[in-house]
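Structure, as structure tokens:
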Amino acid sequence: MSITLKHIPERTVRPRQKGITMVMDKGLSIAQVQDMLTTCHPYIDMVKLGFGTAYVTPNIDDKIKFYQSNGIAVYFGGTLFEAFYIRGQFEDYIRAIEKYKMQYVEVSDGSIAMPHEVKCECIQRLKKYATVISEVGSKDNNHIIPPFKWVRMMKAELEAGAWKVIAEARESGNTGIYMGSGEARDGLVEEILDGIDGSSIIWEAPQKVQQEYFIKKLGCNVNLGNIAPNDVIPLETLRVGLRSDTFYHFLPDELKK
């Protein structure tokens, strides 16, 4: 935009190591992807083909190539990795990664029981083929993971070769790092941040109140994931204080009335 505003926080630019926006594609058509990129391209760092949608989406080859041709990294959701793993098809998954020339690969265990050392071995193997993003946390609200285990698992997965670790919340934002109401488990978040560098974490935050929470807590360049396509531009306004929820957050004290 040609208009200049003072006191706008400085956003990182692509390719970003922090301030990442990861978008959840739950079955967009190529035409819808094209429409999204028309306005949102500068703000999208990567696109996750949510859960197992890549398996059932028609013309998935063409859609992946369209994202890649526009400089957007696209990757399969962790649930698809788990579907291959539990069926004993790990090598087939590697072949799929190679076939589609995936830049990223997600390793998760949110729906299956997997020994953590095995998960770390999967990270070590897959990092030979793509940049690994691992996900910590369960999709089952009844499976409560103590904060010290979150930290321990995140550390181990980063040490195994993950580039970033995702803090689980599902696409609905009501599990993992959030309560069923969608409210952040603040004590859990604080303990994670005490043990892990925040720039190494992508916080799943599909709801506006969750995005606001992390922006106010960690600044405009916090890594956020599971963002809906229609929320990319609204999220960017939250990041720079151009929406009422964060309007005063980045202003100097003398302008706060």
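The values are calculated or read from the model by the stated rules, or taken from the named source; none is laboratory data. All of these numbers come straight from a predicted model, not from anything done at the bench. Virtual Cβ from ideal backbone geometry, glycine too; neighbours counted across all protein chains shown.
Each residue in segment 133-169 was checked for being within 15 Å of Pro115 (Cβ to Cβ) and at pLDDT 90 or above, and 8 pass. Checking each residue in segment 231-257 for being of a type outside the set (Gly, Ala, Ser), free of Cβ contacts under 8 Å to residues at least 40 places away in the same chain and loosely packed, with under 12 Cβ neighbours inside 10 Å picks out Asp253, Glu254, Lys256, Lys257. Please give the number of the condition Gln211 fails out of (1) in contact (Cβ under 8 Å) with a residue 40 or more places away in the chain; (2) within 16 Å of the chain's Cα centre (by Cα). Single failed check for Gln211: (1). Among the residues making up segment 1-52, those that are of a type in the set (Val, Ile, Thr), in contact with a helix residue (DSSP H, G or I) (Cβ under 8 Å, 6 or more places away or on another chain) and without any contact (Cβ under 8 Å) to a residue 60 or more places away in the chain are Val13, Ile30, Val33, Val47.
Contact map, segment 217-230: residues that are small (Gly, Ala, Ser) paired with residues that are assigned to a loop (DSSP other than H, G, I, E, B) and crowded, with 18+ Cβ neighbours inside 10 Å, Cβ distance under 8 Å, separation 6+ or inter-chain. Pairs shown: Gly225/Ile20; Gly225/Ala205; Ala228/Pro206. Checking Ile60, Ile64, Ile44 one by one, the residue that is out of contact with any strand residue (DSSP E or B) (no Cβ under 7 Å at 6 or more places or on another chain) and β-branched (Val, Ile, Thr) is Ile60 and no other. Of the set (1) over 21 Å from Ser108 (Cβ atoms); (2) surrounded by 19 or more Cβ atoms within 10 Å (Cβ to Cβ), all apply to Lys216 but (2). Just a yes or no: is a residue in segment 25-39 within 16 Å of the chain's Cα centre (by Cα), surrounded by 17 or more Cβ atoms within 10 Å (Cβ to Cβ) and closer than 20 Å to Val165 by Cα? Within segment 25-39 (the criterion being within 16 Å of the chain's Cα centre (by Cα), surrounded by 17 or more Cβ atoms within 10 Å (Cβ to Cβ) and closer than 20 Å to Val165 by Cα), the answer is yes, since at least one residue qualifies.
Reported count of residues in segment 2-48, each being aromatic (Phe, Trp, Tyr) and part of a loop (DSSP other than H, G, I, E, B), is 0. If only residues of segment 131-183 that are within 15 Å of the chain's Cα centre (by Cα) and acidic (Asp, Glu) are counted, the one that is nearest to Glu204 (Cα to Cα) is Glu168.
Within segment 100-128, the set of residues being closer than 26 Å to Arg16 by Cα, of a type outside the set (Lys, Arg) and part of a helix (DSSP H, G or I) comprises Cys120, Cys122, Ile123, Gln124, Leu126.
Among the residues of segment 140-168, those identified as buried (at least 20 other Cβ atoms within 10 Å of the Cβ) and in a loop (DSSP other than H, G, I, E, B) are Ala162, Glu168.
Determine whether Ile97 is part of a helix (DSSP H, G or I) and touching a residue at least 24 places away in the same chain (Cβ under 8 Å). Against the criterion (part of a helix (DSSP H, G or I) and touching a residue at least 24 places away in the same chain (Cβ under 8 Å)), Ile97 qualifies.
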